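This report refers to the structure that appears directly beneath it.
The values are calculated or read from the model by the stated rules, or taken from the named source; none is laboratory data. Every value quoted in this text rests on a predicted model; they were computed, and no experiment measured them. For neighbour counting, all protein chains shown are included, and Cβ atoms are generated from backbone atoms with ideal geometry for every residue, glycine included. Protein only, heavy atoms only, side chains kept; ligands, DNA and RNA dropped before computing areas. Shrake-Rupley method; radii C 1.70, N 1.55, O 1.52, S 1.80 Å.
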Amino acid sequence: AFSRFGKLTPTQGLLECNRAEHLNYMASVAVRQRDLDTAIQYLDTAEEVAWQIQSAMRQAEVRETMRTLRLLWPNETKVQQLQEKLYARS
């Protein structure tokens, strides 16, 4: 289900709220697999969707995944850039 709905582009028939949830889940899986590039890509898209639909719940999920990302890669430039983007929108 996640590979079908957790796409970086919108999927017809899937609510954006659900898409944001799936994207965040895929980002968290990538974090656990220590795949930084994939995690950043999915988390950034999840954040964009959560921001566009103004879902506090989905934004909180993104921030939680971001905390884990920062713990694993605290000095990585990509992580710091995404963190700055999240804080700018908070």
message = Quick one: 3J(HN,Hα) in Hz for segment 22-27, Karplus 6.51/-1.76/1.60 with θ = phi - 60°, rounded, Gly and Pro as x.
response = 5, 4, 5, 4, 5, 5
Shape parameters for segment 47-90, alpha-carbon atoms, Rg then Dmax in Å = 10.4, 30
task = Let me know the charge dipole size of the chain about its Cα centre in debye, to the nearest 20, where only the beta-carbon of Lys, Arg (+1) and Asp, Glu (-1) is charged.
result = 120 debye
query = How large is ³J(HN,Hα), in whole Hz, for each residue of segment 76-90 in order, when computed from phi with the Karplus curve 6.51 cos²θ - 1.76 cosθ + 1.60 and θ = phi - 60°, using x for Gly and Pro?
reply = 6, 4, 4, 5, 5, 5, 5, 4, 4, 4, 5, 5, 5, 8, 6
task = Leaving ligands, DNA and RNA out of it, report the carbon-plus-sulfur percent of the accessible area of the chain at a 1.4 Å probe.
result = 50 percent
task = Would you mind working out the accessible area per residue for the chain, using a 1.4 Å probe, and quoting it in Å²?
result = 60 Å²
note = Quick calc of log₁₀ I(q)/I(0), the chain, Debye, one scatterer on every Cα, no solvent, q values 0.14, 0.15, 0.20 1/Å, result -0.42, -0.48, -0.85
